[in-house]
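Trainee: Just dropping this structure here.
The values are calculated or read from the model by the stated rules, or taken from the named source; none is laboratory data. Since the model is a prediction, treat every value here as computed from it, not as a measurement. Backbone-built Cβ (ideal geometry, glycine too); neighbour counts: all protein chains shown. Surface accessibility is based on the protein's heavy atoms, side chains included, excluding ligands, DNA and RNA. Shrake-Rupley method; radii C 1.70, N 1.55, O 1.52, S 1.80 Å.
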Amino acid sequence: MKTIKRMMDHLYWADGRILDALEESATKNKDLLKLVRHVAVAERVWLSRLQGKGSALYSLWEETEDLTAIRTMFDENAEQYRVYIEGLKESGLDEMVDYANQSGDPFRSSVRDILSQVLLHGQYHRGQINRALRIESAEPIQVDYITFARQ
């Protein structure tokens with residue numbers, strides 16, 4: 001559990017840093033803003049599945065220009081994930097969760113695999129966001145785990 005908690009702390013930190021970089025760049029790139037919103041919504045979708053709630057209410061790929069709303073979503077996600085993980089025992093990581101994907105197809109995955117998906121999915125897209133910032137001549141932000149761990 002300690003490793004999962006630490007990795008989730010990195011996720012919260014990295015989400016905040018990538019938003020800081022986007023705000024500082026003042027980008028109006030709609031694809032880039034849609035991508036950061038996608039990360040926030042995907043975190044929320046997986047959390048809803050872990051909590052046994054439906055995730056059909058969430059649209060993963062909407063356009064937005066509102067970084068404040070995205071920051072609020074990231075903050076709410078972090079708060080809810082912390083509560084969820086605090087209530088989770090080590091044995092709970094191997095419990096299976098039944099859910100449907102956005103197309104309605106049924107799946108079953110362990111809590112451990114779902115949390116790993118959340119962690120890796122966000123890092124993948126933060127890399128894409130940083131690359132797009134560089135293309136726009138903005139400065140990418142360090143979001144590597146080791147940078148987090150050194151602090």
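Trainee: Which residues, counting only those in the range 47-65, are within 17 Å of VAL111 (Cβ to Cβ) and open to solvent by less than 40 Å² (accessible area, probe 1.4 Å)?
Mentor: Step one: filter the range 47-65 for residues within 17 Å of VAL111 (Cβ to Cβ), giving 47-53, 55.
Matches in the range 47-65: LEU47, SER48, ARG49, LEU50, SER55.
Trainee: Just to be sure I understand the filter: pairs with C-beta atoms under 6 Å, separated by 6 or more residues or on different chains, first member in the range 57-72 and under 14 Å from ASN29 (Cα atoms), second member among the charged types (D, E, K, R) and surrounded by 11 or more Cβ atoms within 10 Å (Cβ to Cβ). Which pairs pass?
Mentor: GLU63/LYS30; GLU63/LYS34; THR64/ARG37; LEU67/GLU23
Trainee: Pairs only if they're at least six apart or on different chains, beta carbon under 8 angstrom, first in the range 126-139 and over 24 Å from VAL41 (Cβ atoms), second open to solvent by less than 70 Å² (accessible area, probe 1.4 Å) and of a type outside the set (Val, Ile, Thr); list them, first residue then second.
Mentor: ARG134/PRO140; GLU139/ALA21; GLU139/SER25; GLU139/LEU133
Trainee: Which one is most open to solvent (accessible area, probe 1.4 Å), of the residues in the range 19-39 that are in contact with a Leu (Cβ under 9 Å, 6 or more places away or on another chain) and closer than 14 Å to PHE74 by Cβ?
Mentor: GLU23
Trainee: In the list GLN123, GLN102, which residue meets the criterion of being in contact (Cβ under 8 Å) with a residue 24 or more places away in the chain and surrounded by fewer than 17 Cβ atoms within 10 Å (Cβ to Cβ)?
Mentor: Values: GLN123 fails: surrounded by fewer than 17 Cβ atoms within 10 Å (Cβ to Cβ).
Just a single option satisfies the conditions, and that option is GLN102.
Trainee: Give the range 81-99 a look and list any residue that's open to solvent by 70 Å² or more (accessible area, probe 1.4 Å) and either more than 22 Å from ASP9 (Cα to Cα) or of a type outside the set (A, V, I, L, M, F, W, C) (or both), or say none. So that I can check it myself, show each step before the final result.
Mentor: First, pick out the residues of the range 81-99 that are open to solvent by 70 Å² or more (accessible area, probe 1.4 Å): 82-83, 86, 89-91, 94-96, 98.
Across the range 81-99, the qualifying residues are ARG82, GLU86, LYS89, GLU90, SER91, ASP94, GLU95, MET96, ASP98.
Trainee: Another one. So, restricting to helices (runs of 4 or more DSSP H) that lie completely within the range 1-93, which ones have at least 3 residues that are of a type in the set (Phe, Trp, Tyr) and either under 17 Å from the mean Cα position of the chain (by Cα) or under 16 Å from GLN117 (Cβ atoms) (or both)?
Mentor: Working: elements: 2-25, 30-50, 67-86.
Per the criteria, 67-86.
Trainee: Kindly indicate whether any position in the range 66-73 is surrounded by fewer than 16 Cβ atoms within 10 Å (Cβ to Cβ) and β-branched (Val, Ile, Thr).
Mentor: Here is the first cut: in the range 66-73, the residues surrounded by fewer than 16 Cβ atoms within 10 Å (Cβ to Cβ) are 66, 68-69, 72.
Adding the requirement that they be β-branched (Val, Ile, Thr) leaves 68, 72.
Within the range 66-73, one or more residues are surrounded by fewer than 16 Cβ atoms within 10 Å (Cβ to Cβ) and β-branched (Val, Ile, Thr).
Trainee: Let me ask something else about it. Given (1) in contact (Cβ under 8 Å) with a residue 12 or more places away in the chain; (2) basic (Lys, Arg); (3) out of contact with any strand residue (DSSP E or B) (no Cβ under 6 Å at 6 or more places or on another chain), where does ARG108 come up short, assuming only one miss?
Mentor: Only one criterion in (1) in contact (Cβ under 8 Å) with a residue 12 or more places away in the chain; (2) basic (Lys, Arg); (3) out of contact with any strand residue (DSSP E or B) (no Cβ under 6 Å at 6 or more places or on another chain) is unmet by ARG108, namely (3).
Trainee: If you scan the range 131-151, which residues turn out to be among the hydroxyl-bearing types (Ser, Thr, Tyr) and open to solvent by less than 100 Å² (accessible area, probe 1.4 Å)?
Mentor: TYR145, THR147
Trainee: If you don't mind, another one. Kindly indicate whether SER109 is within 26 Å of LYS34 (Cα to Cα) and either more than 16 Å from the chain's Cα centre (by Cα) or loosely packed, with under 11 Cβ neighbours inside 10 Å (or both).
Mentor: Working: within 26 Å of LYS34 (Cα to Cα): no; either more than 16 Å from the chain's Cα centre (by Cα) or loosely packed, with under 11 Cβ neighbours inside 10 Å (or both): yes.
Against the criterion (within 26 Å of LYS34 (Cα to Cα) and either more than 16 Å from the chain's Cα centre (by Cα) or loosely packed, with under 11 Cβ neighbours inside 10 Å (or both)), SER109 does not qualify.
Trainee: Considering GLU90, GLU24, which residue is within 15 Å of ALA132 (Cβ to Cβ), among the acidic types (Asp, Glu) and touching a residue at least 60 places away in the same chain (Cβ under 8 Å)?
Mentor: When all the criteria are applied, what remains is GLU24.
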